[in-house]
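Sharing a structure with you now.
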Amino acid sequence: MLKIYGQTRSRTFRVLWLCKESNIAFQQEPISIHVPNAQAKEEWYTKLNPNARIPTIDDDGFVMWESGAINLYLAKKYKSPLWPATAQDEGNALQWAFYIANDVEPPMITVFQNRFVFPRSGATRRWRKLPTRFCARSSRCSTTISCVTAISAASAGTWRISWWRA
């Protein structure tokens with residue numbers, strides 16, 4: 001049986017969601033992270049995932065980590081209805097997966113951290129950490145969101161991933 005290592009409130013959620021949407025049976029093993037003596041740092045776990053991060057899967061002896069790669073693997077192996085039907089659609093799905101990982105997530109994570117995680121200082125509530133990087137990432141994030149919105153709007157409500165052409 002597929003075993004998924006990781007907490008639900010992490011990128012493990014992506015894998016759990018795909019499994020639920022695709023009716024893939026699994027067993028979840030919650031793994032602690034970012035705390036003293038985290039399970040993700042223990043020797044048994046780092047043998048599965050040398051990065052000591054989550055998620056990791058064990059699919060009947062095949063061990064894999066990185067949520068995007070895991071989802072692509074599971075969707076294809078288990079013939080998920082979410083897996084593209086043609087080589088062109090598969091290419092477009094991969095294109096979007098890399099686009100999200102490389103262009104959407106980094107600026108959004110910086111914006112999220114600076115707006116909600118890092119403490120603010122003084123009465124002016126200025127950002128304490130990386131204000132220049134934050135401003136650059138905020139701008140890049142807005143540009144990226146505008147790009148995705150424009151692609152969606154151009155489709156007149158019938159947008160599909162396979163329509164994206166870079």
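Can you tell me which of (1) of a type outside the set (A, V, I, L, M); (2) modelled with pLDDT under 85; (3) in contact with a Lys or Arg (Cβ under 8 Å, 6 or more places away or on another chain) is the one residue 27 doesn't meet?
Tallying (1) of a type outside the set (A, V, I, L, M); (2) modelled with pLDDT under 85; (3) in contact with a Lys or Arg (Cβ under 8 Å, 6 or more places away or on another chain), residue 27 fails exactly one: (2).
Residues in the range 35-51: is at least one out of contact with any Leu (no Cβ under 6 Å at 6 or more places or on another chain), closer than 23 Å to residue 98 by Cα, outside the structural domain of residue 101 (by TED's automatic domain parsing) and crowded, with 18+ Cβ neighbours inside 10 Å?
Yes, there is a match, as at least one residue in the range 35-51 is out of contact with any Leu (no Cβ under 6 Å at 6 or more places or on another chain), closer than 23 Å to residue 98 by Cα, outside the structural domain of residue 101 (by TED's automatic domain parsing) and crowded, with 18+ Cβ neighbours inside 10 Å.
May I pose another question? With respect to the numbered conditions (1) more than 26 Å from residue 25 (Cα to Cα); (2) touching a residue at least 24 places away in the same chain (Cβ under 8 Å); (3) surrounded by fewer than 15 Cβ atoms within 10 Å (Cβ to Cβ), which one is the sole condition not fulfilled by residue 110?
(3)
Select from the range 84-106 the residues that are exposed (fewer than 13 other Cβ atoms within 10 Å of the Cβ) and under 17 Å from the mean Cα position of the chain (by Cα) and write down the one among them that is nearest to residue 68 (Cα to Cα). Step through it out loud before you land on a result.
Kept after step one, since they are exposed (fewer than 13 other Cβ atoms within 10 Å of the Cβ), are these residues of the range 84-106: 85-88, 91, 98, 102.
Keeping just the survivors that are under 17 Å from the mean Cα position of the chain (by Cα) gives 98, 102.
On the way: 98: 9, 102: 12 Å.
Applying the filter and picking the extreme gives 98.
Residues in the range 83-98: is at least one within 18 Å of residue 10 (Cα to Cα) and out of contact with any helix residue (DSSP H, G or I) (no Cβ under 6 Å at 6 or more places or on another chain)?
No, there is no match, as no residue in the range 83-98 is within 18 Å of residue 10 (Cα to Cα) and out of contact with any helix residue (DSSP H, G or I) (no Cβ under 6 Å at 6 or more places or on another chain).
The values are calculated or read from the model by the stated rules, or taken from the named source; none is laboratory data. This one's a predicted model, so the numbers in the text were calculated from it and none came from an experiment. Don't worry about glycine lacking a Cβ; one is built from the backbone with ideal geometry, like all the others, and counts go over all protein chains shown.
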